[in-house]
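A short worksheet on the structure shown next.
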Amino acid sequence: MAQTALPTPEIRAELAARVDSITARAPATHPGEIALELETIRRIAHQNGIRPAVTVIHALDSALARGECGALVQGWLAILRDAVDCDFAEASADTLFAAACSVRLNG
């Protein structure tokens, strides 16, 4: 498998802006709409090798499917924002964010 180049600052900025936009509108947005927007972020993150963001989006999708909303979704979006900004390309960053998601899921 070919190694993905590190994401450009512009890609990270675009993803951060998308997350910030969802965060600002989340309280008044239907979970299905949030999920659609997250899919776009997931696709871009996947294409650019930002695996921590992909990991968090999978967990956030599960949270939305369970009916989480409001402050709970805001917390998930904060973790996603951190994952988008993460400079680590190694698998260890993905593992760290997966662990953070697990803690959040399981309390």
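The values are calculated or read from the model by the stated rules, or taken from the named source; none is laboratory data. Treat the numbers as computed from the prediction; the structure is a model and nothing was measured. With ideal geometry, Cβ positions are generated from the backbone for all residues, glycine too; neighbour counts draw on all protein chains shown.
Search the stretch 83-107 for residues that are within 14 Å of Asn48 (Cα to Cα) and in a loop (DSSP other than H, G, I, E, B) and pair each with any residue that is at pLDDT 65 or above and not aromatic (Phe, Trp, Tyr) when their beta-carbon atoms are under 7 Å apart and the residues are at least 6 apart or on different chains.
Final answer for the pair search is Cys86/Pro52; Cys86/Ala93; Ala89/Leu6; Ala89/Gly49.
Just wondering, is there one or more residues in the stretch 10-17 that are without any contact (Cβ under 8 Å) to a residue 60 or more places away in the chain, touching a Cys at 6+ places or on another chain (Cβ under 9 Å) and not polar (S, T, N, Q)?
no
Starting from residues that are more than 13 Å from Cys69 (Cα to Cα) and small (Gly, Ala, Ser), keep the ones in the stretch 25-50 and report whichever is surrounded by the fewest Cβ atoms within 10 Å (Cβ to Cβ).
Filtering the stretch 25-50 for residues that are more than 13 Å from Cys69 (Cα to Cα) and small (Gly, Ala, Ser), the one surrounded by the fewest Cβ atoms within 10 Å (Cβ to Cβ) comes out as Gly49.
Taking Ile22 as the residue in question, decide whether it is surrounded by 13 or more Cβ atoms within 10 Å (Cβ to Cβ) and in contact (Cβ under 8 Å) with a residue 40 or more places away in the chain. Give the steps one after another, and end with the answer.
Working: surrounded by 13 or more Cβ atoms within 10 Å (Cβ to Cβ): yes; in contact (Cβ under 8 Å) with a residue 40 or more places away in the chain: yes.
Answer is yes for this residue.
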